[in-house]
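The values are calculated or read from the model by the stated rules, or taken from the named source; none is laboratory data. Small disclaimer: the values here were computed from a predicted structure and weren't measured. Ideal geometry is used to build each Cβ from the backbone, glycine not excepted, and the neighbour counts take in all protein chains shown.
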Amino acid sequence: MQHEPSATQPGLLKYTARDIRKSLRLLTVSWPFGAAFRAIMDGAAYTAFLTTYLPINDTSFGLIRAAGWAAVIFLVLGSYVVERTGHAKRYVIGIASAERYLWLIVAAIALLPASQHVGLKSWLIAIVAFTSCALGSFGGVGWHVWVSGIVPRAIAGSFFGLRSRWGIVSMVLTSLGVGVLLHFYGGAGWAYALLFGLAAVMGTVEFLLWLPIPEIPQPVDPHPPTLVSVLTLPWRHPYFRKYASFYGCYAFAVAMMGPFIWRYCFDSRQHHGLGMSPFTAQLVLVIIPWIMMAMTASFWGKAIDRHGLKPVIVVSSLGLTLVSALWIVTHPGILWLPWLIAVLSGLFMPGYEQVLEYLLLKGFPAERRASYNAGLHLVTGIAGMVGVVCGGLLAQYWQHQLPEIAWLPAWVSHYHPLFLASVLLRVAISALLAPALPARACPR
């Protein structure tokens with residue numbers, strides 16, 4: 001079927017059943033490649049490269065991890081372009097794909113001697129991270145607009161639960177390979193270069209598999225939106241305001257703590273860390289949670305279809321908060337506790353993530369959907385950026401202040417106050433913002 005709408009009647013075309021079946025199949029088959037990219041860049045490989053191979057301090061680590069979050073401002077520009085042109089696919093394939101292959105630059109940096117020019121390499125990595133995410137944000141904001149017209153609303157939760165399961169399987173297998181490689185060759189630059197190069201290739205393949213998926217351009221408003229309207233429109237909708245406020249605040253609290261759990265696991269016991277190897281940390285923080293997520297992803301997807309968004313986000317976020325609180329009492333004397341945390345976190349994480357995915361695909365009005373999606377990404381991105389930077393500054397602060405507090409147990413590290421602050425924030429968010437979330441889906 002030819003999908004080239006006329007300039008005057010773009011809204012009259014519809015996807016055929018054959019289009020939908022083919023597209024759902026490609027969306028499912030492609031995600032394991034994208035998931036492999038995420039497993040390498042969000043897991044032990046990237047963190048070990050920054051923490052143990054270069055290495056850099058907490059403040060620099062926080063700034064580098066925040067570079068990607070800072071690029072979310074380009075979501076607004078991408079949304080502006082999609083709203084004015086009605087097209088999304090061309091920007092997703094042509095521009096957002098650069099997010100993946102730019103990491104070949106980091107692979108090249110890994111081949112340089114680790115001890116030389118650490119500061120310069122840190123800046124280069126931060127620039128690559130920012131540029132990569134900026135292009136991904138600009139081009140990728142239209143992905144949910146494009147896909148939302150293909151995935152039927154009645155099965156959206158179940159479909160993305162199934163898709164998530166396949167992605168998690170890929171992440172688990174990739175993470176196992178990463179863990180084994182770093183266990184034996186974690187001190188070699190070529191190992192990191194290999195991993196980052198593989199991530200770039202796998203991530204690019206995901207985009208190539210999207211090429212056959214058709215696109216019916218969105219109807220273009222006769223009065224094209226301005227950048228100001230793209231920014232302000234979502235906040236006029238009470239449904240958006242409530243969910244964006246919740247996810248933004250929760251993203252701040254999670255980002256404040258999340259990246260530094262890796263640092264705590266990698267730190268030696270002499271520095272009050274857990275002294276885990278990259279492979280063990282990968283098992284605890286990635287592989288086991290993902291295995292549990294694969295087992296429960298479809299359950300959460302069906303729960304969204306049956307009960308709506310609010311019960312799922314309330315239960316899953318509260319569960320994640322309680323599980324995260326266990327890190328406050330974790331120390332080298334009870335090394336079994338991180339394994340329990342790994343299992344429990346994998347039970348609740350799919351609910352939190354799938355509600356966010358559902359919001360981006362089906363949660364907001366179809367008209368000007370790109371603006372709503374950009375607004376939600378912008379809120380969570382800025383919150384995450386500020387959270388990571390604050391986490392790095394707080395960790396650096398407590399590293400100097402903690403030795404002055406004589407009454408603390410010897411096992412307390414400078415990361416424990418950070419964990420406590422994050423958990424207390426999540427409790428406040430759950431108590432103050434979660435009850436106000438709308439119980440039903442946004443009216444069409």
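Can you confirm whether Thr330 is among the polar types (S, T, N, Q), modelled with pLDDT under 90 and either touching a strand residue (DSSP E or B) at 6+ places or on another chain (Cβ under 7 Å) or at negative phi (or both)? Spelling it out, it is not the case that Thr330 is among the polar types (S, T, N, Q), modelled with pLDDT under 90 and either touching a strand residue (DSSP E or B) at 6+ places or on another chain (Cβ under 7 Å) or at negative phi (or both). The residues of the stretch 224-241 that are buried (at least 16 other Cβ atoms within 10 Å of the Cβ), over 21 Å from Val81 (Cβ atoms) and out of contact with any Pro (no Cβ under 6 Å at 6 or more places or on another chain) amount to a single one, His237. Restricted to the stretch 21-58, and to residues there that are hydroxyl-bearing (Ser, Thr, Tyr) and closer than 15 Å to Pro278 by Cα, the residue that is modelled with the highest pLDDT is Tyr46. Comparison of Gly273, Gly203 shows that the only residue that is within 23 Å of the chain's Cα centre (by Cα) and either modelled with pLDDT under 85 or at negative phi (or both) is Gly203. Within the bounds of the stretch 251-268, is there any residue that is surrounded by fewer than 22 Cβ atoms within 10 Å (Cβ to Cβ), of a type outside the set (Lys, Arg) and more than 27 Å from Met349 (Cα to Cα)? Within the stretch 251-268 (the criterion being surrounded by fewer than 22 Cβ atoms within 10 Å (Cβ to Cβ), of a type outside the set (Lys, Arg) and more than 27 Å from Met349 (Cα to Cα)), the answer is yes, since at least one residue qualifies.
Contact map, the stretch 276-299: residues that are in a helix (DSSP H, G or I) paired with residues that are at pLDDT 85 or above and polar (S, T, N, Q), Cβ distance under 8 Å, separation 6+ or inter-chain. Pairs shown: Gln282/Ser175; Val286/Ser175; Ile287/Ser175; Pro289/Ser345; Trp290/Ser175; Met292/Ser345; Ala297/Gln354. The single condition from (1) more than 21 Å from Trp146 (Cα to Cα); (2) touching a residue at least 40 places away in the same chain (Cβ under 8 Å); (3) not β-branched (Val, Ile, Thr) that Leu424 fails is (2).
When you look at Ala303, is it part of a helix (DSSP H, G or I), of a type in the set (Gly, Ala, Ser), crowded, with 17+ Cβ neighbours inside 10 Å and over 21 Å from the mean Cα position of the chain (by Cα), yes or no? So Ala303 passes the test.
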